[in-house]
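Q: Sending over a structure as structure tokens; questions will come in a sec.
The values are calculated or read from the model by the stated rules, or taken from the named source; none is laboratory data. These numbers were taken from a predicted model, which means no experiment stands behind them. Every residue, glycine among them, receives a Cβ derived from its backbone with ideal geometry; neighbour counts consider all protein chains shown. All accessible areas refer to the heavy atoms of the entire protein, side chains included, with ligands and DNA or RNA removed. Shrake-Rupley method; radii C 1.70, N 1.55, O 1.52, S 1.80 Å.
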Number of protein chains: 2
Amino acid sequence: MCRAHLLEPAAAELLATELRQIVGDGNVLSDPALTASFGHDLTGRFNGRPALVVSPGDTAEVAAVVQACAAAQAPLVPQGGHSGMVGGGTPRDGEVVLSLRRLTAIEPVDRVAAQVTVGAGVTLEAFQRFLRPLDLEFLVDHGGRSAATLGGMAATNAGGSQAMRHGMMRDQVAGVEAVLADGSVLSRLRGLAKDNTGYDLTGLLVGSEGTLGVITRLRLRVAPLRPKRVTILAGVESLDGALAVLELLQSRVPSVQAVDFFEQAGLRRVREHLQLPAPFEREYPTYLVIECAGRTDPADELDGLLAVVADAVAADDPEGRRGLWRYREALNETVTSLGIPHKLDVSVPVASLPRFAREVRDVIAAVDSEAELIFYGHLGDGNAHVNVVGPAPDDLRIDEAVLELVASLDGSISAEHGVGLAKTQWLSLTRSAPEIRAMREIKAALDPRGVLNPGRLMP
Amino acid sequence: MCRAHLLEPAAAELLATELRQIVGDGNVLSDPALTASFGHDLTGRFNGRPALVVSPGDTAEVAAVVQACAAAQAPLVPQGGHSGMVGGGTPRDGEVVLSLRRLTAIEPVDRVAAQVTVGAGVTLEAFQRFLRPLDLEFLVDHGGRSAATLGGMAATNAGGSQAMRHGMMRDQVAGVEAVLADGSVLSRLRGLAKDNTGYDLTGLLVGSEGTLGVITRLRLRVAPLRPKRVTILAGVESLDGALAVLELLQSRVPSVQAVDFFEQAGLRRVREHLQLPAPFEREYPTYLVIECAGRTDPADELDGLLAVVADAVAADDPEGRRGLWRYREALNETVTSLGIPHKLDVSVPVASLPRFAREVRDVIAAVDSEAELIFYGHLGDGNAHVNVVGPAPDDLRIDEAVLELVASLDGSISAEHGVGLAKTQWLSLTRSAPEIRAMREIKAALDPRGVLNPGRLMP
């Protein structure tokens, strides 16, 4: 069986001609000056020179593009907002980028089913703007909302801060339409609440990082907007103390939907980067951002609870809430401003998080005593973002040491960012041989020529 | 490639000897007098004479049994409580039954993660009994709780009355352990809240009806017991009126978790069968069973709401609530008492349910004007159980007509019971050619010899 391989320039030119007939001249880029930006990821860690960038305008065009690339054995990299962290949507030299950004239709809301069908290229922020005047909300949210597309978020099963209450993308995707490697269109957009007719292909495509199909449309669940919101920024003395707060919140505050954490060192860097004021008179080792949302005022539920934290400030207006979240959400861009980071998004059982936080520091220092660690994440999910600045980007000893520590604590080497190109070599730290074999068999069955996002997700 | 085929008696005897060495003499049955009960389903529609019934005592034994059967090319039918409705767990003549009923371990509750690991053979009722003293509950429930095993419920993605609020089994299964067709053991029992390391094999196995793997253990989510419950039995004038009540409940009563419906004819049959009193002084065309559960008394939320229904009776004590549910839950056994039914569990978009209810009557009458229809289901999911008594069990014109009507309304030919043996021939009414092809490819990749539950789920 022939497998996809990098295109020679002449073959690329032939393919470009064919693709222009499908999507129109303006929607195929081959000039390196124009394609370059599609080849550099946000973190600076992944860089490739794509052979072509093709931007279809509807599902039929996506199907025709996939067929043409499959026939030409051209490796195809689906790309949404290109805000991923693991190189899953970043082309390597000579690969073809299939950009979904033109698929921006939002269909009318189905109020009875509480669902909306959207194009893969709609950004999370655009979707939020669409829903707000309708008194509806989408229950997955994260700091990358202005760039991230809903298709990309589905392909990577995006998580974010509210996952502790509402789950991840897979929980909010009622169905998908996707183009398979043979160019056929798989459509599961009826959004039926119950449909037990065979394998959960929707759930399989969600989180498959573009390796099994190209998601073109999504049927998303939406919820009535909960009008009452409170955001709290709190200082605590340790991550153990933070876990005590989490337990209280989970047992006594049904409206809690996010409990994120970060540390003193990260806060200092954010304040420097954005010239932000200090939130409290003194500094704390650990900070929490807590968010509650409900139909009624969460303040009653929170009553008395804040006495257990050393210091806290709350806001219930949009601007005030955004201001408090800014300390947490700006960490990602702040890290990038410091250099090309080692970014390790991992999870461990929640109870093991304090131990992980202590040991990860030692593990990193043992490799490079000068390395700077910026450590934050989502407490309720045991999800830590380990950012290390200093060591050369291609020195993988840090990554290896951190991921081995994660595995020793029964954690996952990727909590929400996916595997992409960044972590394939460590997949066996989290997934067993039978699991990886099963994944390979599924990939080979659905994409025998290896056209769709080759080299990602599996070693 | 050799494929599984029915065993000759001599081959069956050889296999039985091998299996006895794995699981012990008493756990392999070959005497037809002993195996017969494993071959007859609850509805009377599916009957087979298994070659053998083997009951392993742990995962390692299941793996060895699967390997032995694969080597002997013996078709293997995983069976839990054997309370399925579509013949998915009922053997055909000469197949080997792999009973999971001995896997009844329940591990200690992980309070931090709110998860429990259980053996596939634990019944739903036993699990409920285990959780109650711990002030915990499992969020999937249905009338077949005394027989249905959690493994079988996962394999079939069981739904039930509370799915409108809490989803189906797939939403409550945090991970599975399963034996694949090659005898390898796939284990996903860490229960991490976030783990984006490749394909969702757990979600794929859930609902795969034993065709991709044999589920041996499950990691299940549990929730704090909501102590306040109210059950309401209400009479309304039509299914359209019922939908108006549903809409009110969904917009104003956050604690609502079930809205089931049934009809006058069904109620009469249940009352005859069980000698139950009439719930109201007069009869109504349509009845609803509404259940609310919360940390605080749902009565406040319900205030004023019941004025919109013609007649209603409520109970908030366990016995009273069970008594009201009995009218609805006894419909299944009542139907079976009337003869061998045509059982069609289907779903349509919720708004189309009244139209479906009208048209299904005409469609059935057109095939057999004497046929008796007993129609009930889960209103919030658009899930209707179409039971038809009268026509010969092997006369499939009724089934065909009803399922074609479902398809014309963009519904699903199986809402929660699965496809099993009963509906493979109509799968294409709900799933497109690319979907069925993808399912076949996945099945062939993971079970190339067709050992696991062959002939089920796909045509």
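Q: Excluding A:Thr123 itself, what net charge comes from residues whose Cβ is under 10 Å from its Cβ, given Lys and Arg +1 and Asp and Glu -1?
A: +2
Q: Now for a separate question. Could you sort the peptides B:173-179, A:147-153 by per-residue average Cβ neighbour count (10 Å cutoff), highest mean leading?
A: Put in order of decreasing packing, that is A:147-153, B:173-179.
Q: Rounded to the nearest 0.05, what FRET efficiency is calculated for A:Arg361 and B:Arg129 with R0 set to 45 Å and r the Cβ-Cβ distance?
A: Here the calculated transfer efficiency is 0.50.
Q: Express the relative contact order of the stretch B:61-212 as a whole percentage, based on alpha carbon pairs under 8 Å and six or more residues apart in sequence.
A: For the stretch B:61-212, the relative contact order is 22 percent.
Q: Can you give the average number of partner chain beta-carbon atoms within 10 Å of each beta-carbon in peptide B:414-422, as a whole number?
A: The mean count of partner-chain Cβ atoms within 10 Å per residue comes to 3.
Q: Quick check on the stretch A:411-458: take the gyration tensor over C-alpha atoms, sort the square-rooted eigenvalues as a ≥ b ≥ c, and tell me if it's rounded (a/c under 1.5), prolate or oblate.
A: Oblate, because a/c is 1.5 or more while a/b does not exceed b/c.
Q: Using a cut-off of 14 Å between beta-carbons, work out the net charge of the residues near A:Leu331 (Lys and Arg +1, Asp and Glu -1, A:Leu331 not included).
A: So the surrounding residues net to -1.
Q: Rounded to the nearest 500 deg cm²/dmol, what is the calculated helix-only ellipticity per residue at 222 nm for chain A, with -39500 (n - 2.57) per DSSP H run of length n ≥ 4?
A: -9000 deg cm²/dmol
Q: Relative to the Cα centre, what is the charge dipole magnitude of chain A, using +1 at the beta carbon of each Lys and Arg, -1 at the beta carbon of each Asp and Glu, and rounding to the nearest 20 debye?
A: Once rounded to the nearest 20, the dipole reads 940 debye.
Q: Given a 1.4 Å probe and no ligands, DNA or RNA in the count, how much accessible surface is buried by A and B, both sides, to the nearest 100 Å²?
A: Looking at A and B, the buried total is near 5300 Å².
Q: Between copies, how far apart are the A:Ala366 label points? List them in nm, one decimal, shortest first, with each point 7 Å from Cα toward Cβ, please?
A: Distances between equivalent label points, in nm: 7.4.
Q: Here is a further query. Going by average Cβ density within 10 Å per residue, which order do the peptides A:375-387, B:218-230 take, highest to lowest?
A: Ranked from most to least packed, the peptides come out as A:375-387, B:218-230.
Q: Tell me the distances, shortest first, between A:Arg111 and the same position across the other copies, using label points 7 Å along Cα→Cβ, in nm to one decimal.
A: Ordered by distance, the counterparts are at 4.6 nm.
Q: Calculate, in whole percent, how much of the Cα-Cα pair population of chain B lies beyond 34 Å.
A: Above the 34 Å cut-off, chain B has 35 percent of its Cα pairs.
Q: What does the average come to when, for each residue of peptide A:429-435, you count the partner chain Cβ atoms lying within 10 Å of its Cβ?
A: The mean count of partner-chain Cβ atoms within 10 Å per residue comes to 6.
Q: Let me know the charge dipole size of the stretch B:1-88 about its Cα centre in debye, to the nearest 20, where only the beta-carbon of Lys, Arg (+1) and Asp, Glu (-1) is charged.
A: 300
Q: Quick check: the distance between the Cα centres of the stretch A:190-250 and the stretch B:309-369, to the nearest angstrom?
A: After rounding, the separation between the Cα centres reads 33 Å.
Q: May I ask you to derive the relative contact order of chain B, considering only C-alpha pairs under 8 Å and at least 6 residues apart, and to give it as an integer percent?
A: So the answer I get is 16 percent.
Q: Quick one, what does Rg over Rh come out to for the stretch B:344-459 if you take C-alpha atoms and the Kirkwood Rh?
A: We get a ratio of 1.02 for the stretch B:344-459.
Q: Taking B:Leu338 in one copy and the same position in all the others, each labelled 7 Å out along Cα→Cβ, what are the pairwise distances from the first, in nm, shortest first?
A: Those separations, rounded to one decimal, come out as 7.1 nm.
Q: Mean separation of Cα pairs under 8 Å and 6+ residues apart, divided by the residue count of the stretch B:101-157: what relative contact order is that in percent?
A: Answer for the stretch B:101-157 is 34 percent.
Q: R0 = 35 Å: FRET efficiency of B:Glu237 with A:Arg252, Cβ-based, nearest 0.05?
A: After rounding, the FRET efficiency stands at 0.20.
Q: Filter the cross-link list A:Lys443/B:Lys343; B:Lys228/B:Lys343; A:Lys228/A:Lys343; A:Lys194/B:Lys343 down to pairs whose alpha-carbon distance in this structure exceeds 27 Å.
A: Pairs exceeding 27 Å: A:Lys443/B:Lys343; B:Lys228/B:Lys343; A:Lys228/A:Lys343.
Q: Next question. Per-residue counts of other Cβ atoms within 10 Å, averaged by peptide: what ranking do you get for A:263-276, A:243-256, highest first?
A: A:243-256, A:263-276
Q: With unit charges on the beta carbon (Lys/Arg positive, Asp/Glu negative), name the residue among B:Ala299, B:Tyr287, B:Leu249 whose Cα is farthest towards the positive pole of the charge dipole of the stretch B:235-304.
A: Towards the positive end, the residue furthest out is B:Tyr287.
Q: Report the calculated FRET efficiency for B:Gln425 and A:Ala60 (r = Cβ-Cβ distance, R0 = 22 Å), to the nearest 0.05.
A: For R0 = 22 Å, the calculated efficiency reads 0.10.
Q: State to the nearest 20 debye the size of the charge dipole of the stretch B:307-420 about its Cα centre, where the only charges are +1 on K and R beta carbons and -1 on D and E beta carbons.
A: With Lys and Arg at +1 and Asp and Glu at -1, about 240 debye.
Q: A further question on this structure: Please average, across the residues of B:184-192, the number of beta carbons from any other chain that are within 10 Å of each residue's own beta carbon, and give a whole number.
A: 5
Q: For the stretch A:213-338, what is the largest minus smallest coordinate of the Cα atoms on each principal axis, given in angstrom and ordered from greatest to least?
A: So the three principal-axis extents are 45, 41, 27 Å.
Q: When the Kirkwood hydrodynamic radius is evaluated over all pairs of different C-alpha atoms of the protein assembly as shown, what value in angstrom, to one decimal, is obtained?
A: Every distinct Cα pair counted, the radius reaches 28.9 Å.
Q: Suppose each label sits 7 Å from its Cα in the direction of the beta carbon; what would the A:Leu189-B:Ala10 distance come out to in nanometres?
A: The two pseudo-label positions are separated by 5.9 nm.
Q: Would you tally the net charge around A:Gly167, using a Cβ to Cβ cut-off of less than 11 Å, leaving A:Gly167 out, and scoring K and R as +1, D and E as -1?
A: My count for the surroundings of A:Gly167 gives +2.
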